[in-house]
Ligand code: NAD
Ligand code: TDX
């Protein structure tokens, strides 16, 4: 199988590329990434000389670059490429619409033109909006995105759906809850807490800290996408989540305890605009139809993740110092 992974230099994409090369050593994996601030080829060092792996520096919004790629005969596309950080979307929505909506449409058109046999759109539970204290998101929950990020992801999802309904183009959409694990950019809550706590810096908690996210170890997300590629029914949406809802405050306190750091580092700051109160995924369709089960529970997953950041301090300090960004600009120009 020839697999085209977009956004494979980011957090989940790089974990997915490594996962697929390990689980399916005979597959050919092509990673297409424009290397924004969030793309980091260092994540893929361990597989860069694998003959089944190729990196291509390209932008999913470029029709010419994407058509060139698709014309090489791709079987399956998995679209991770996105602007992914909610806070950045509040400051600067336009790049979110460009990449997450327009980029998806460019990929769909080229994939359709060159007869790709499946297109998997990697989406998020945030497209469903916010839950009250009870209930869970199912695949039938109406889309009610509240941030420019989630609205742009919902826009991409609706185009994917439309290509199935209009052209009969073979697609799946996956909607996963919050991921954590190795190689997550330190702007996101868990690596932000770990890196700031290790430097004895204040940890900003938005609002009252009681917003709830449903956390899943990144490899469990990868195994679910693997199943959807192979067994997902065409045109279907699959929610992905491990029934692991925690308040943000619980996450911070757990990490501080593991690192033996004081809770006095916690600093309550102004709430995020439009801050969703609670996410919770009902994963039963994925479990019953495709037999998916997460392999990690939160207690071991968070311990392993903290240990990974302790062992890879150089990885996140290089990102924070801007050294990696400078290298990308030198190597690939100004993006
Ligand atoms: P990330 O920000 O770490 O990585 C995104 C990658 O996409 C980067 O490598 C970046 O360089 C690349 N990219 C951005 N714009 C591009 C463009 N125009 N062309 C080519 N490449 C481009 O994101 P992530 O956290 O790994 O998320 C990956 C995907 O999974 C996203 O689609 C996101 O919406 C979705 N998702 C994320 C989570 C989560 O908890 N992080 C949960 C559910 C779904
Ligand atoms: O400094 C912070 N303080 C804080 O209280 C940060 C960065 C976050 N938070 C809160 C906001 C959220 O309630 O922590 C929670 C998690 O925040 P993020 O890590 O920014 O994740 P979230 O907004 O939930 O979105 C993530 O999960 C779904 C990913 O970034 C998305 O790409 C994915 O779709």
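The values are calculated or read from the model by the stated rules, or taken from the named source; none is laboratory data. No experiment lies behind these values; they were computed from the predicted model shown. Here the Cβ is made from the backbone with ideal geometry for all residues, glycine too, and neighbour counts use every protein chain on show.
Would it be correct to say that residue 291 is out of contact with any strand residue (DSSP E or B) (no Cβ under 9 Å at 6 or more places or on another chain) and either within 24 Å of residue 13 (Cβ to Cβ) or loosely packed, with under 14 Cβ neighbours inside 10 Å (or both)?
Spelling it out, residue 291 is indeed out of contact with any strand residue (DSSP E or B) (no Cβ under 9 Å at 6 or more places or on another chain) and either within 24 Å of residue 13 (Cβ to Cβ) or loosely packed, with under 14 Cβ neighbours inside 10 Å (or both).
Considering only the stretch 16-29, I want to know if a residue exists there that is within 16 Å of ligand 2 (Cβ to nearest atom) and either crowded, with 24+ Cβ neighbours inside 10 Å or part of a helix (DSSP H, G or I) (or both).
Yes - at least one qualifying residue is present in the stretch 16-29.
So in the stretch 194-219, with the set limited to residues that are within 8 Å of ligand 2 (Cβ to nearest atom) and farther than 20 Å from residue 126 by Cα, which one is surrounded by the fewest Cβ atoms within 10 Å (Cβ to Cβ)?
Going through the qualifying residues, I end up with 204.
Table: residues versus (1) more than 16 Å from ligand 1 (Cβ to nearest atom); (2) within 25 Å of residue 222 (Cα to Cα); (3) surrounded by fewer than 16 Cβ atoms within 10 Å (Cβ to Cβ).
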{"site": "244", "(1), (2), (3)": "no, yes, no"}
{"site": "251", "(1), (2), (3)": "no, yes, no"}
{"site": "266", "(1), (2), (3)": "yes, no, no"}
{"site": "270", "(1), (2), (3)": "yes, no, yes"}
{"site": "286", "(1), (2), (3)": "no, yes, no"}
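Between a residue in the stretch 85-103 that is more than 9 Å from residue 152 (Cα to Cα) and modelled with pLDDT of 95 or more and any residue that is within 15 Å of ligand 2 (Cβ to nearest atom) and assigned to a helix (DSSP H, G or I), which pairs come within a Cβ distance under 6 Å, given they are 6 or more apart or on different chains?
If the second residue must be within 15 Å of ligand 2 (Cβ to nearest atom) and assigned to a helix (DSSP H, G or I), the pairs left are 86/149; 89/96; 89/148; 89/149.
Just to check your reading of the model, which residue among 186, 182, 191 is in contact (Cβ under 8 Å) with a residue 60 or more places away in the chain, surrounded by fewer than 19 Cβ atoms within 10 Å (Cβ to Cβ) and on the phi < 0 side of the Ramachandran plot?
186
Could you please find all residues in the stretch 254-279 being in a helix (DSSP H, G or I) and touching a residue at least 24 places away in the same chain (Cβ under 8 Å)?
254, 255, 256, 258, 259, 265
Please tell me if residue 260 is modelled with pLDDT of 95 or more and within 20 Å of the chain's Cα centre (by Cα).
Considered against the rule, which asks whether it is modelled with pLDDT of 95 or more and within 20 Å of the chain's Cα centre (by Cα), residue 260 comes out as no.
Could you tell me whether the stretch 45-63 includes any residue that is surrounded by 22 or more Cβ atoms within 10 Å (Cβ to Cβ), in contact (Cβ under 8 Å) with a residue 60 or more places away in the chain and either under 17 Å from residue 174 (Cα atoms) or away from ligand 2 (no atom under 16 Å from the Cβ) (or both)?
Within the stretch 45-63 (the criterion being surrounded by 22 or more Cβ atoms within 10 Å (Cβ to Cβ), in contact (Cβ under 8 Å) with a residue 60 or more places away in the chain and either under 17 Å from residue 174 (Cα atoms) or away from ligand 2 (no atom under 16 Å from the Cβ) (or both)), the answer is no, since none of the residues qualifies.
Here is a check on your reading of the model: is residue 13 closer than 16 Å to residue 229 by Cβ, within 15 Å of ligand 2 (Cβ to nearest atom) and surrounded by 24 or more Cβ atoms within 10 Å (Cβ to Cβ)?
So residue 13 fits the description; yes.
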